[in-house]
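Quick notes on the structure that follows.
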Amino acid sequence: MISNVCVLGAGRMGSSIARAFLDRGYPTWVFNRTAAKCAPLAALGAKVATSVEDGIRAADVVIVNVLDYAASEDLLKQDGVASALAGKAVVQLTSGSPRLALEEARWVEAHGGGYLDGAIMATPDFIGKPETALLYSGSRDIYETHKLLLFALGGATSYVGEVPGQASALDTALLTQMWGGLFGALQGMAVAEAEGIGLETFRSHLSAFKPVVDAGLFDLVDRTKASRFAGDDATLAWLGAHYSAFQHLLEACEERGLNASMPEAMDTIFRQALSQGGPGSDFALLAPLFRNGGLPRTATEQANA
Ligand code: NAP
C-alpha cells in the first residue's frame, strides 16, 4: 500500500524529508507557516495544503518537523486539527526531550491517532541515503505498518522501543558521545599547535589511532554493562596508566597557557575514582560516577551498610 503523507514544516529538514518522499513517488502534501517555502516542493510535485487540518485530512501519515515542540504545538493545537488526527499515524520528527515525546504521544492518542517519535541522526543533505540513521520509538504498529515510507528517509532506520521518549533519549546519548569526541579534538588541536605540530599532521594521525579508540570505547560499554570495574587480565589500560598519561595534558595546559577547564573537570573525576578504586582498576570504574555521582560500594562498605 502506498501511503499518502503530509509533511508539516518545510524548513531545511522538512523540505529534505518531503523531497525524499517525492523522489520515491509518495503522494505528498506539505504545509508550512510561511507558505512561500512550499513553492520549491510544489515544483517537484508536492501538493500544498492550505491549512494544517487539510493536510492532515489528506494523509495517512503525518510527519511533523518544525523548530521545536512549541512550534509543533502551534500547528497541532488549533481548532479542527485535533479531531482530524483520529485514525492518523503521527510521526514526530521535531527534536525534543523524552518528556515532551511522552506528553505528545498521550495527547495524540487521546484524539484517536497513533504516535511514533523519531530522532534524525543526520543533517538534511543526508536524508534519503542508505547510510542515514533515524531512530524511532512509540507505536510499534505504526513503525511496522509504515516501514517502507520511513526507510525512504534513511536506510539505517531502526526501532528503539515502545516508550515514546526512548528515541530522543538515545539521540541525546549518542550526541553526548559525539560532543565528547569533538571537545576532545578541540583540546587536542590546541595541544598540537602549542607544540608546533600542524593540524594537517594531527588530522593525518587520527585514522591510525581510531581502531584503538574504538576498541576502548566498546570495551568501556561492555564492561560497564557487566559491572566489571576491577582491573583484570582483559583490561586494556589500567586507570593508573590512563592517569599517568593524562598528567601530560595537565602539564601542557599549564606550560603553554591552554584552556584547562575541561582537563580540570576530568582530573577531578579521575581523582575521585582513583581515591576509591586505586590505580589497578579498569577505566570503566569511572562509569558509576556519571550514573549517580557515586562509585560502586566495596564489599566491606556493602556489608557495613
Ligand atoms: P529550520 O530550517 O529553521 O526550519 C524550522 C521550521 O519550523 C520551519 O518550517 C518554520 O516555519 C517552523 N516553525 C518555527 N517556529 C514555528 C511556529 N511557531 N509555528 C509554526 N512553524 C514554526 O530548522 P530545521 O533545520 O529544518 O530543523 C527542524 C527540526 O529538525 C528541528 O527540531 C531540528 O532540531 C531537527 N533536526 C535538524 C537537523 C539539521 O541538521 N538541520 C538535524 C537533526 C534534526 P517558517 O518557515 O514559517 O519559519
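The values are calculated or read from the model by the stated rules, or taken from the named source; none is laboratory data. Everything numeric in this text was worked out from a predicted model, so none of it was measured. Neighbour counts run over all protein chains shown; Cβ positions are idealised from the backbone, glycine included. Surface accessibility is based on the protein's heavy atoms, side chains included, excluding ligands, DNA and RNA. Shrake-Rupley method; radii C 1.70, N 1.55, O 1.52, S 1.80 Å.
Ordering T224, M262, H205 by the projection of their Cα atoms onto the charge dipole of the stretch 175-277, which places +1 on the Cβ of Lys and Arg and -1 on the Cβ of Asp and Glu, puts T224 at the extreme positive end. Cross-link partners for K88 among the lysines, with Cα-Cα distance under 28 Å and sequence neighbours closer than 8 places in the same chain left out: K37, K47, K77, K129, K147. Taking the longest Cα principal axis of the chain as reference, the axis of helix 12-23 is set at about 60 degrees. Computed over neighbours whose Cβ is under 12 Å from that of S51, the net charge equals -1, Lys and Arg +1, Asp and Glu -1. At a probe radius of 1.4 angstrom, the accessible area of the chain per residue rounds to 53 square angstrom. Remark: the D74-V213 segment gains 45.6 nm on full extension, using 0.36 nm per residue and subtracting the alpha carbon distance. For the chain, the longest principal axis of the alpha carbon atoms and the long axis of helix 261-277 meet at an angle near 60°.
In this Cβ point-charge picture (+1 for Lys and Arg, -1 for Asp and Glu), the stretch 1-105 has a dipole of about 340 debye about its Cα centre. The helix-based estimate of mean residue ellipticity at 222 nm for the chain, built from -39,500 (n - 2.57) per DSSP H run of four or more residues and divided by its residue count, is -16500 deg cm²/dmol to the nearest 500. Taking packing as the residue-averaged number of other Cβ atoms within 10 angstrom, the listed peptides 71-78, 149-156, 170-177, 201-208 run from highest to lowest as 149-156, 71-78, 170-177, 201-208.
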